[in-house]
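Step one of this worksheet: look at the structure below.
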Amino acid sequence: MKIQSFNPANGELIHTFTYESSSEVEAKVDKAFGYKRRPLESLIESLRALKSDLLSFQKSLAETITGEMGKPIVQAEAEIKKCLILCDYYMENSAEHLKDQPLQGNFDNSFISHQPLGVILGIMPWNFPAWQVLRFAVPTILSGNSILLKHAENVQQTANQLEKLIQKHFGNDLYQNLRTSIEQTEAMIKDPRIRGVSLTGSTRAGKRVAALAGAALKPCVLELGGSDPYLVLDGVDVKKAAMTIAKGRFMNAGQSCISPKRILVEKPAYAEFEEHMLNEISKLELAQPTLKTTRLGPIAREDLLLNLDRQVKASIEQGAICKTGGRRAEGAGFYYEPTLLTQVQPDMVAFREELFGPVAVMVEIENIEQGLEFANNCEFGLGAAVFAPPDKVDLATQIARDKLDAGCCFVNDFVKSDPAFPFGGTKQSGYGRELAKQGLLAFTNAKTVAIRSAMGI
């Protein structure tokens, strides 16, 4: 069987790969299982060298990302820069995060020691093809595990470049790429040599992985879909709020699990906010992603574009108002016009489903109570945000802390991942956490050690 990848900017076939045979997969699992643990100091030195290489190959890696999934080149370069920041964070903090934790108890000495589980399978998405891999791989490697990595089928060239860079500094038994079918991947999850699974992907895929891993009694980290609500409170600087939210929504052509999906605006601010959103969208011009000036490129795949178009059309039929866009752009490639849907209601497709593309959705709310009802009326719980004027920041903080059912809640900014912040969701957005200390410990055994200096009777 073959894996085909198409250039999103023109629809042309750019490369073909084949799935690996069962014997090839078995050899990789054996090699990963035979990995000999290295001291943390040695791993950190390898990470330091990897960071240097990432910096050197930033341009070529960004160009590969742009060619495979259509991300504007400036945003692809920014993705690599974020990976460098990730390396810095774990070089500086891993020793502290992984050190033994003393315990209080009736022993002469007792502590928790974090021990690696072994071989961890990573199943990664295409939308941030370098960042998603490294934010999983770096902490998992530093905590002492080896990795088998199944990347998305449409970013296999990026996967190969990352494998070469990582193997150069860490060895080919610690990190290996996989090109496996769904059936092969499921068999690996069942394999007792695989001790944990990390998936970033759809909720449907997450449920399947969780079922298989649960049956085998092995841990998972699942970062799944999102339909992030953004509450815009009356009295906020509407122009600045619209600029910030539009930036978050249309970055990476709207193909981000934590971008603003449902913008819930209090009634007194609604009309003005809509005006500013339209102004921000009018500045977006579909263009070749290879150009430095491009802010909005194509959708990554044609099937994704067609599904987005279905969702928009269905929402309009249900009564949503399309203020701009709302259709596939003419010409070659997988381009979709930047779109604003207003007067969206909770029973509409645009409210109930995740829109993975350059479509902003506005919902008018009577008050904060209704806004919270609408915000939490969703199967997802990944990110959320509140935009408030200075005199309501304390209220916004309370809303973010206590009222919004999500894993990440921001005030007066769009949700973003940061190496120092634990990242993950709740409800149908998954469970477990990546990044920060939590990501470093995700695939470790928290082993209790208790010592008596001498035996008593």
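Just checking, how many residues over the range 385-425 are within 28 Å of F136 (Cβ to Cβ), touching a Phe, Trp or Tyr at 6+ places or on another chain (Cβ under 9 Å) and not aromatic (F, W, Y)? Counting residues in the range 385-425 that are within 28 Å of F136 (Cβ to Cβ), touching a Phe, Trp or Tyr at 6+ places or on another chain (Cβ under 9 Å) and not aromatic (F, W, Y) gives 15.
Assess whether L382 counts as being buried (at least 24 other Cβ atoms within 10 Å of the Cβ), modelled with pLDDT of 95 or more and farther than 17 Å from V265 by Cβ. Here the answer is yes, as L382 does meet what is asked. Tell me which residues, restricted to the range 417-457, are in a loop (DSSP other than H, G, I, E, B) and among the acidic types (D, E). Once the filter is applied, which keeps residues that are in a loop (DSSP other than H, G, I, E, B) and among the acidic types (D, E), the range 417-457 yields only D418. For the range 187-196, the criterion of being out of contact with any His (no Cβ under 6 Å at 6 or more places or on another chain) and closer than 23 Å to F356 by Cα is satisfied by no residue at all.
Please state which one of N177, N154 is among the polar types (S, T, N, Q), assigned by TED's automatic domain parsing to the domain that holds E68 and over 30 Å from P358 (Cβ atoms). Steps first, please.
Values: N154 fails: over 30 Å from P358 (Cβ atoms).
Being among the polar types (S, T, N, Q), assigned by TED's automatic domain parsing to the domain that holds E68 and over 30 Å from P358 (Cβ atoms) holds for just one of N177, N154, which is N177.
Within the range 43-61, can one find any residue that is under 13 Å from P129 (Cβ atoms) and buried (at least 16 other Cβ atoms within 10 Å of the Cβ)? Within the range 43-61, one or more residues are under 13 Å from P129 (Cβ atoms) and buried (at least 16 other Cβ atoms within 10 Å of the Cβ). Taking every residue in the range 107-129 that is farther than 30 Å from D30 by Cβ and pairing it with any residue that is buried (at least 21 other Cβ atoms within 10 Å of the Cβ) and aliphatic (A, V, I, L, M), at least 6 positions away or on another chain, the pairs with Cβ-Cβ distances below 9 Å are N127/M69; N127/A152; N127/A300; F128/I65. When the residues of the range 421-457 are narrowed to those that are touching a Ser or Thr at 6+ places or on another chain (Cβ under 6 Å) and buried (at least 18 other Cβ atoms within 10 Å of the Cβ), which ends up farthest from E223 (Cα to Cα)? Once the filter is applied, the top-ranked residue is T444.
Within the range 428-453, the residues that satisfy the criterion of being within 16 Å of the chain's Cα centre (by Cα) and either farther than 24 Å from I80 by Cα or assigned by TED's automatic domain parsing to the domain that holds V236 (or both) are Q428, S429, G430, Y431, G432.
Of these, I166, I141, which one is more than 14 Å from R38 (Cα to Cα) and hydrophobic (A, V, I, L, M, F, W, C)?
When all the criteria are applied, what remains is I166.
If you go through the range 354-396 and pick out every residue that is under 25 Å from S282 (Cα atoms) and not hydrophobic (A, V, I, L, M, F, W, C), you end up with 4.
Annotation note: Cβ proximity below 7 Å between a residue of the range 254-277 that is surrounded by 24 or more Cβ atoms within 10 Å (Cβ to Cβ) and a residue that is modelled with pLDDT under 95 (sequence gap 6+ or interchain) occurs for C257/G225. Here A205 fulfils each of the conditions (1) over 19 Å from A384 (Cα atoms); (2) outside the structural domain of T444 (by TED's automatic domain parsing) apart from (2). Would you point out the residue of the range 311-333, among those that are part of a helix (DSSP H, G or I) and either without any contact (Cβ under 8 Å) to a residue 24 or more places away in the chain or touching an Asp or Glu at 6+ places or on another chain (Cβ under 8 Å) (or both), that is nearest to L13 (Cα to Cα)? Looking at residues that are part of a helix (DSSP H, G or I) and either without any contact (Cβ under 8 Å) to a residue 24 or more places away in the chain or touching an Asp or Glu at 6+ places or on another chain (Cβ under 8 Å) (or both), I get Q311. Selection of the range 70-83 for residues being hydrophobic (A, V, I, L, M, F, W, C) and farther than 13 Å from Q132 by Cα yields I73, V74, A78. One residue stands out in the range 278-307 among those that are in contact with a strand residue (DSSP E or B) (Cβ under 6 Å, 6 or more places away or on another chain) and within 11 Å of Y336 (Cβ to Cβ): the one that is surrounded by the most Cβ atoms within 10 Å (Cβ to Cβ), namely I299. With respect to the stated conditions, S94 is of a type in the set (S, T, N, Q) and crowded, with 17+ Cβ neighbours inside 10 Å. Cβ contacts < 9 Å: first residue within 14 Å of L305 (Cα to Cα), restricted to the range 2-13; second residue outside any strand (DSSP E or B) and among the aromatic types (F, W, Y), any location; separation 6+ or different chain. Result? Sorted first by the residue in the range 2-13, then by its partner, the pairs are F6/F334; P8/F334; P8/Y335; A9/F334; A9/Y335; G11/F334. Consider T290 carefully, then state whether it is polar (S, T, N, Q), over 26 Å from A385 (Cβ atoms) and touching a Ser or Thr at 6+ places or on another chain (Cβ under 8 Å). Spelling it out, T290 is indeed polar (S, T, N, Q), over 26 Å from A385 (Cβ atoms) and touching a Ser or Thr at 6+ places or on another chain (Cβ under 8 Å). For the residues L224, L231, the requirement of being closer than 19 Å to K392 by Cα, touching a Gly at 6+ places or on another chain (Cβ under 6 Å) and at pLDDT 95 or above singles out L231.
When you go through D413, D347, D418, D405 one by one, which is the residue that is surrounded by fewer than 19 Cβ atoms within 10 Å (Cβ to Cβ), more than 24 Å from the chain's Cα centre (by Cα) and at pLDDT 95 or above?
After ruling out the rest, the residue left standing is D347.
Quick check, is E153 at pLDDT 95 or above and within 19 Å of the chain's Cα centre (by Cα)? When the stated conditions are applied, E153 passes them.
The values are calculated or read from the model by the stated rules, or taken from the named source; none is laboratory data. Source: prediction; values computed, not measured. When we count neighbours, we look across all protein chains shown, and the Cβ atoms used for this are built from the backbone with ideal geometry, even at glycine.
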